[in-house]
Amino acid sequence: MTTDIQMVDLKGQYQKIKQEINAGIQEVIDSTTFIKGGKVTEFQHHLENYLGVKHVIPVGNGTDALQIALMALGLKPGDEVITPTFTFIATAEVVALLGLTPVLVDVDFETFNISINALEKAITSKTKAIIPVHLFGQHADMDAIMELARKHNLYVIEDACQSIGALYTFTDGSTAQSGCMGHIGCTSFFPSKNLGCYGDGGAIFTNDDALAVRMRAVANHGMEVRYHHDYVGVNSRLDSIQAAILDVKLEHLDSYIQARQYVAAAYDKAFSGYENLMIPGRNPSSTHVFHQYTLKLKDIDRTALQKHLQSKGIPSMVYYPVPLHMQKAYKDERYRQGDFPVAEQLAACVLSLPIHTEMDDEQIRYITNNLIEFL
Ligand SMILES: *Cc1c(COP(=O)(O)O)cnc(C)c1O
């Protein structure tokens, strides 16, 4: 109903799969295998099959996934890790937390993703890894990123927290799932993500057997053999109830993606042709799974537009209002306002609209009409 529009409608989605979800949860409770084994292993194998990747390592959340990935690479303080400045904080946070040096770079105005030019310029003799973020559900230019990584002998950790299920086509025609192209991929199962559970969850992907062993151990107190701790690890695991929920929702992921793409196509159609609205640019090498549908506004008072939408019962969000180099915790003499003009411009003009698996034509029309009315 037009009176109840949300950024994400998890309740409506649950209503449609309630029986399967409830049965999955009940099965875990009856088994009393709440941690490891059972459902977690089942879900792990189903996700490995879906992605066509050798190893899925379930962990506690997406931030842990990124941290464990970096820990497993054995990087040393002072080693540089390159990541975009226009993203969620987690990417740079784990780099800083481990005493590594985050090196921020600007993004591409059209796709919101890491700028290849800026990335290439930021590579130094201390650079050890690149963390591209596939922002809003669409891949960064992985052909160029993997080529730079090969040339400079760098690790690539894909932040696929917003892009699970997106497909990338390399220039040689081969295809790969999101998070399965770099040495390591990380995802989040936070409830509002495209594959979300009913609490916290995350996973790491890799095709590298040795890295998989190491990351499994890091996630489990640095332990390959029980009670023998070879290195400092963490405790990070997906619990069985979340795995049971994810196992049900994985079956629906493709149709969930299609539902989001349907909304995005309708938005595109409604908004293209308006000079002061820029619809999201597309990377022709990637499908877009639309974790977010993000407009760029031109000569529009964003706060006034948001107020107008809110008065009609339409939520909207600014992802992200402050680039990482302008965040207090990451203030650094290396960076100043003006250093990353594209990210700063985007932070000032982006607006994300409601997009989810339960939206109907009436809601879409209500949103587009009310937004256009404001122009
Ligand atoms: C959600 C998200 C994360 C963190 O995932 P959590 O499960 O919340 O820890 C990291 N990076 C990006 C791009 C995200 O969207």
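Just so you know, all these numbers are worked out from the coordinates, no wet-lab data involved. Keep in mind that what you see is a predicted model, and the values were worked out from it rather than measured. Here Cβ is always computed from backbone atoms with ideal geometry, including for glycine, and neighbour counts include all displayed protein chains.
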Positive-pole candidate from ILE279, LEU324, LEU351, dipole of region 253-374, charges at beta carbon: LEU324
Charge dipole magnitude, Cβ of K and R +1, D and E -1 - the chain, Cα centre, debye nearest 20: 560 debye
Counted charge near ASP209, where neighbours are those whose Cβ lies closer than 12 Å (Asp, Glu -1; Lys, Arg +1): +2
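Using a/c under 1.5 as the rounded threshold, could you call region 88-127 rounded, prolate or oblate? The axes a ≥ b ≥ c are square roots of the C-alpha gyration tensor eigenvalues, and prolate needs a/b larger than b/c, oblate otherwise.
Working: a/c = 4.49, a/b = 1.33, b/c = 3.37.
Oblate shape, in that a/c is at least 1.5 and b/c is the bigger or equal ratio.
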Pairs of alpha carbons in region 2-141 whose separation is greater than 23 Å (percent): 55 percent
Sum of side-chain charges, VAL95 neighbourhood, beta-carbon under 10 Å (Lys, Arg +1; Asp, Glu -1): -3
Computed helical MRE - 222 nm, the chain, DSSP H runs ≥ 4 contributing -39500 (n - 2.57), nearest 500: -12500 deg cm²/dmol
Calculated FRET efficiency for the pair PHE34/ASP230, C-beta based, R₀ 35 Å, to 0.05: 0.85
Kirkwood Rh in Å, taken over the chain so that all alpha-carbon pairs contribute: 21.4 Å
For VAL105, distant residues with modelled amide H under 5 Å away: THR83, THR85
FRET efficiency for ARG150 and ASP361, using Cβ-Cβ distance with R0 set to 51 Å, rounded to 0.05: 0.65
Calculated from backbone phi, Karplus (6.51, -1.76, 1.60) coupling profile of region 231-248 in Hz, x at Gly/Pro: 8, 6, x, 9, 10, 9, 9, 7, 8, 5, 5, 5, 5, 5, 5, 5, 5, 5
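Pairs LYS11/LYS39; LYS151/LYS331; LYS54/LYS121; LYS36/LYS193; LYS54/LYS126: which exceed 27 Å Cα-Cα?
Working: LYS11/LYS39 23 Å; LYS151/LYS331 31 Å; LYS54/LYS121 33 Å; LYS36/LYS193 23 Å; LYS54/LYS126 30 Å.
In this structure, LYS151/LYS331; LYS54/LYS121; LYS54/LYS126 exceed 27 Å between Cα atoms.
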Amide H contacts of GLU224 (H built 1.01 Å from N, under 5 Å, at least 5 apart or other chain): ASP230
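Return ARG214, ARG334, ARG226 ranked ascending by Cβ neighbour count within 10 Å, so the fewest neighbours appear first.
Details: ARG214 23, ARG334 11, ARG226 8.
Ascending number of Cβ neighbours within 10 Å: ARG226, ARG334, ARG214.
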Förster-model FRET efficiency, 30 Å R0, GLU333 and ASN276, C-beta, rounded to 0.05: 0.20
Residue-wise HN-Hα coupling along region 156-163, computed from phi with Karplus coefficients 6.51, -1.76, 1.60 (Hz; x: Gly, Pro): 10, 10, 7, 8, 9, 5, 10, 10
Value in Å of the Kirkwood radius, where region 132-180 supplies the Cα pairs that are averaged: 11.0 Å
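Ratio to report: Rg/Rh of region 160-223, with Cα atoms as the point set and Rh obtained by the Kirkwood method; give two decimals. All intermediate terms of the calculation are to be shown ahead of the outcome.
Values: Rg = 13.5 Å, Rh = 13.0 Å.
For region 160-223, the value is 1.04.
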Label point distance in nm, ALA304-SER255, each placed 7 Å from Cα along Cα→Cβ: 4.4 nm
Overall form of region 260-312 per C-alpha gyration tensor (a/c, 1.5; a/b vs b/c): prolate
Descending semi-axes in Å of region 224-375, equivalent ellipsoid built from Cα gyration tensor: 35, 26, 14
